[in-house]
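Report on one structure; see the data block that follows.
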Amino acid sequence: MTTIHDEIDNWLAADLHGELSENERSVLHTHLVDCATCRKTHQETKTMNKILEETLAQEKPDLRFEHRMLSRFRSRIPQRSGLVKSLVDLMRLRPVQITAVAAILLALIQVGRMITGERATMLRGREGYANEEVFRQQRSQVASGVGRAGGLDKSDELAAGRSQDLALKATPSSLPASRPDFHEDAKTLSTTVAPAKMAQPEATEVLRRSASPENFARAEVAEQKPAEAPAPASANRKLIRNATVQLEIVSFDDAVQKITAFANEEHGYVATTNSEKQANGKLRGEVVVKVLPENLDRLLQKLRGLGELKNQTLGTEDVTKAYFDTDARLKNAHVMEQRLIDMLNVKTGKVADLLQVEKELGRVREEIEKMQGDLKYWDSQVQFATVTIALAEKDMEEPAAFLLKERAQLSLYAPDVEKIYNDIKALASPKVRITNAQLNRDYSGRVSATISMLIAPEESDAVIGRVKGFGRVENFQMQTQRIAQGGSGISENAKTKRDKVELNITISRDEQEQALQQTSLRIRTSSVDEKAKELRTLAEKQGGRVRSSTFNRDPDGRELAKVWLRVPMKNYFSLIQSLNSLGKVENVSVQRQNRTDAQIDEANAPADVSIQVYSQGNIISYKTGLFPTLRRTLTQSAGAIMWSLRMIGVAIAFLAPWVIAIIVIVWIAKRVIRARR
Amino acid sequence: MDASEREQYRAAIHGDREAFEMIIRTHSRTLFAIAYGILQNREEAEDVVQDSLVKAWKTRWRVRDPEKFPAWLCTIARHRAHDMARKRRPVPFPHETLETSETKTAHTTAIDQQLHSALAALPELHRAALTLRYFEEQDYRSIENALGLTNGALRGILGRALASLRKQLRPALASLD
């Protein structure tokens with residue numbers, strides 16, 4: 001607990017500054033009465049306070065201080081001009097900020113809606129306008145219509161009364177001005193709606209309802225009456241009628257005769273006939289009959305009796321409008337022509353002008369001719385209806401003949417491809433035609449040949465037999481196709497003809513032939529090189545051929561010889577038997593492909609044997625042992641270190657630009673901050 | 001703080017220039033007292049007040065609560081004054097200029113000199129509290145607000161400041177008596 005004595009400085013200061021409460025002051029004074037030291041301090045502090053008051057009063061800012069501050073502030077921060085200031089001030093207000101954000105969000109939503117193609121609310125507003133627009137038009141029509149209608153029949157004034165009132169207000173061709181007073185009318189008409197904007201669509205409805213049923217309809221009739229001066233009679237319509245009929249008949253000629261008779265009966269004529277004979281002797285054709293339009297239906301009825309009706313269409317084209325348009329244009333053109341002729345007759349003006357007139361005249365006449373042609377064409381079309389009858393005799397699809405096409409595919413394997421290629425080419429004769437012969441030799445020296453030939457049917461078997469003798473036949477395929485000619489389907493009396501036989505031959509070297517059986521085995525022995533040589537001689541004895549062989553010796557003294565042999569199947573087993581003399585036979589694996597399709601000469605089919613002759617070698621590699629292992633370990637760890645160094649380099653290359661950029665930015669920011677101070 | 005004052009601060013924060021100028025009129029002496037307390041140099045103190053006002057205008061939107069506006073102003077002034085004090089290299093002796101400019105009795109000048117050096121030896125906060133008290137005769141409440149102190153702390157500061165001045169000036173005071 002601190003006493004007044006301990007904190008006498010604070011108490012005295014507060015007392016001098018008049019900041020002690022009544023209670024505190026009495027406590028202090030009691031203490032001062034008691035304590036001499038504090039009394040002394042009290043005295044000194046009083047003096048100190050006085051000195052401070054006197055001294056610091058001199059340092060007080062002068063009277064003009066505030067004014068100076070203000071003017072300097074004004075010069076340093078100039079007043080902003082009105083609009084910018086008010087805008088900036090406005091943006092500081094929280095409600096304005098919220099409104100702005102809301103507006104931006106709304107705008108974004110609207111944009112999004114427009115982009116996604118939803119109906120925006122804006123459009124709805126515009127629709128309202130459109131409605132009003134339509135309504136205004138209607139109103140003006142009503143107004144004018146009523147004006148006229150009122151003149152036409154006055155007996156029905158009661159019905160027209162309301163709209164006539166409207167018309168009276170807006171009639172004197174003051175359409176733009178009519179809108180505001182229309183609003184008033186709308187209001188008077190619809191008693192339920194108060195706010196004008198909301199009222200618009202409803203008011204439209206109300207007015208339309210009141211205007212449309214009788215008045216508006218009548219107004220339209222009234223308007224149309226003067227417009228339709230030459231009311232066209234329906235008899236005067238220009239209609240082009242045409243029909244197509246598809247029939248299947250027994251005899252084409254009979255049908256054509258009957259059609260001609262029908263046409264004559266119906267006061268028509270046969271316009272065109274054409275027919276076409278198919279390969280199987282059947283006829284197909286088309287008859288075009290022209291007949292008076294009113295007789296068309298009867299004619300069609302009769303045509304049905306001719307045969308089986310496959311298809312019938314009946315069409316009518318109304319060319320009335322085009323016809324009368326052209327007619328009117330023709331009349332105008334005639335007038336134009338006459339005026340141009342008059343112009344030429346007067347013969348005043350420059351030559352160039354006259355030429356121009358001449359040119360124009362030419363153009364107009366051309367037009368006239370074209371229009372006259374059109375009219376004539378239409379006249380002819382309208383005068384007669386066109387019936388197109390497509391006729392086809394029964395069993396149209398029956399084939400005329402069959403063709404037997406044979407195609408053979410032959411693959412040959414032979415030691416000398418080129419010789420056989422030439423031999424086969426030598427077979428060429430008038431009855432054996434070589435269509436394609438090709439000898440391919442690729443960069444590795446492999447040779448293959450393809451030959452295609454067409455052989456007369458009677459020679460085919462002999463030639464194919466001879467070709468088969470040239471080499472080992474790997475594959476032979478024969479394909480026969482029966483092709484119907486002049487139709488499809490089956491015909492009892494169609495002839496069958498044998499076509500040339502197409503033969504495609506592929507010749508490859510027998511090396512490339514896939515072995516029937518593949519065997520791989522290992523032989524362990526001590527002297528690899530020697531045994532490998534022995535193996536070769538053994539293979540040759542059995543009629544085999546060494547296709548390739550390798551020999552290698554590794555640093556540990558292990559030797560390995562690989563030999564690939566090919567022997568005919570018949571010698572295969574004796575070869576395998578004889579291998580046992582070379583050493584210990586291990587890991588024998590046999591793979592055989594049984595080809596079901598081919599007629600294969602199994603005894604001569606090739607069998608591949610791959611033999612590995614190997615020796616065990618030294619047990620311990622000179623590379624094992626303490627020092628080599630140590631050396632390898634060191635090398636590997638050095639490699640690992642180098643690799644990690646490289647990775648660090650890569651990482652630095654990735655990071656360095658960013659680090660530099662960040663440092664530069666921080667540096668600039670610091671500079672800017674310092675400059676501000 | 002009454003409603004009209006509050007309204008004035010609010011308007012100033014929202015960019016009302018007239019309100020802000022009104023605040024300059026009413027508060028610049030307080031700011032000066034603070035700056036002078038720290039710097040003990042009138043020219044520098046004036047500059048600090050000026051800078052603080054400009055800065056306050058520019059960054060007025062940072063103040064959320066209008067009630068804290070005056071305190072915030074004082075804080076700016078204090079910081080500016082501190083910056084200024086840190087920047088100037090050797091502390092100039094203000095009393096030397098006073099000595100030459102003003103003609104006074106040798107005795108008063110001696111006491112003045114001693115007082116000034118004693119003031120310079122005080123902590124900055126103590127000086128600021130003293131100047132606020134003796135320049136503007138502000139009550140403790142206003143000083144507390146301006147310097148962000150509690151009543152107890154302010155009492156302690158003023159008491160200690162007066163005591164230390166008293167002790168340093170005791171010989172001079174004795175002669176004065």
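The values are calculated or read from the model by the stated rules, or taken from the named source; none is laboratory data. What you see is a predicted model; the values in this text were computed from it and never measured. Note: ideal-geometry Cβ built from the backbone for every residue, glycine included; neighbour counts use all protein chains shown.
Annotations
- Set side by side, the residues B:A110, B:A161 differ, and just one is at pLDDT 85 or above and either touching a helix residue (DSSP H, G or I) at 6+ places or on another chain (Cβ under 9 Å) or of a type in the set (A, V, I, L, M, F, W, C) (or both), which is B:A161.
- Any hit, region B:129-146, residues being without any contact (Cβ under 8 Å) to a residue 60 or more places away in the chain and of a type in the set (G, A, S): no
- Qualifying residues in region A:285-296 (those that are at pLDDT 85 or above and of a type in the set (D, E, K, R)) - the one nearest to the chain's Cα centre (by Cα): A:E286
- Summed over region B:57-66, residues that are more than 10 Å from chain A (Cβ to nearest Cβ) and either hydrophobic (A, V, I, L, M, F, W, C) or surrounded by 15 or more Cβ atoms within 10 Å (Cβ to Cβ) (or both) total 2.
- In the set (1) in contact (Cβ under 8 Å) with a residue 40 or more places away in the chain; (2) under 20 Å from A:S508 (Cα atoms), A:E418 fails one condition alone, (1).
- Count of region B:35-86 residues which are touching a Phe, Trp or Tyr at 6+ places or on another chain (Cβ under 9 Å) and not in a loop (DSSP other than H, G, I, E, B): 22
- Taken as a whole, the structure leaves A:V563 outside the set of residues that are surrounded by 13 or more Cβ atoms within 10 Å (Cβ to Cβ), part of a strand (DSSP E or B), in the same structural domain as A:N580 (by TED's automatic domain parsing) and over 60 Å from the mean Cα position of the chain (by Cα).
- Sole residue being more than 10 Å from chain A (Cβ to nearest Cβ) and more than 13 Å from the chain's Cα centre (by Cα), chosen from B:A120, B:A146: B:A120
- A:D297 assigned to a helix (DSSP H, G or I), within 22 Å of A:N264 (Cα to Cα) and free of Cβ contacts under 8 Å to residues at least 24 places away in the same chain: yes
- Counting the residues of region A:241-273 that are within 24 Å of A:N295 (Cβ to Cβ) and in a strand (DSSP E or B) gives 13.
- Those residues of region A:403-426 which are surrounded by fewer than 17 Cβ atoms within 10 Å (Cβ to Cβ) and not acidic (D, E), in sequence order: A:L403, A:L404, A:K405, A:R407, A:Q409, A:P415, A:K419, A:N422, A:K425, A:A426
- No other residue among A:G285, A:G315, A:G281 is in a strand (DSSP E or B), among the small types (G, A, S) and under 30 Å from A:A484 (Cβ atoms) apart from A:G285.
- Residue check, B:R80 out of contact with any helix residue (DSSP H, G or I) (no Cβ under 6 Å at 6 or more places or on another chain), buried (at least 18 other Cβ atoms within 10 Å of the Cβ), within 13 Å of chain A (Cβ to nearest Cβ) and farther than 22 Å from B:D2 by Cα: no
- Residues in region B:24-42 that are facing chain A (nearest Cβ under 9 Å) and under 19 Å from B:Y140 (Cα atoms) were compared, and the one that is surrounded by the most Cβ atoms within 10 Å (Cβ to Cβ) is B:A33.
- Test: residue in region B:16-33 that is out of contact with any His (no Cβ under 9 Å at 6 or more places or on another chain), within 16 Å of A:R74 (Cβ to Cβ) and not in a helix (DSSP H, G or I): yes
- Where a residue in region A:9-25 is within 13 Å of B:D139 (Cβ to Cβ) and its partner, wherever it lies, is among the aromatic types (F, W, Y), with Cβ under 9 Å and at least six apart: A:A14/B:Y140; A:H17/B:Y140; A:E19/B:Y140; A:L20/A:W11
- In region A:469-486, the residues that are on the phi > 0 side of the Ramachandran plot reach residues that are of a type in the set (A, V, I, L, M, F, W, C) with C-beta atoms within less than 9 angstrom, at least six apart or across chains, in these pairs: A:G486/A:A279; A:G486/A:A400; A:G486/A:A401; A:G486/A:A494.
- The helices (runs of 4 or more DSSP H) falling completely within region A:7-64 that include 1 or more residues that are more than 12 Å from chain B (Cβ to nearest Cβ) and touching a helix residue (DSSP H, G or I) at 6+ places or on another chain (Cβ under 7 Å) map to A:22-34, A:36-59.
- Any chance A:S527 is surrounded by fewer than 17 Cβ atoms within 10 Å (Cβ to Cβ) and under 60 Å from the mean Cα position of the chain (by Cα): no
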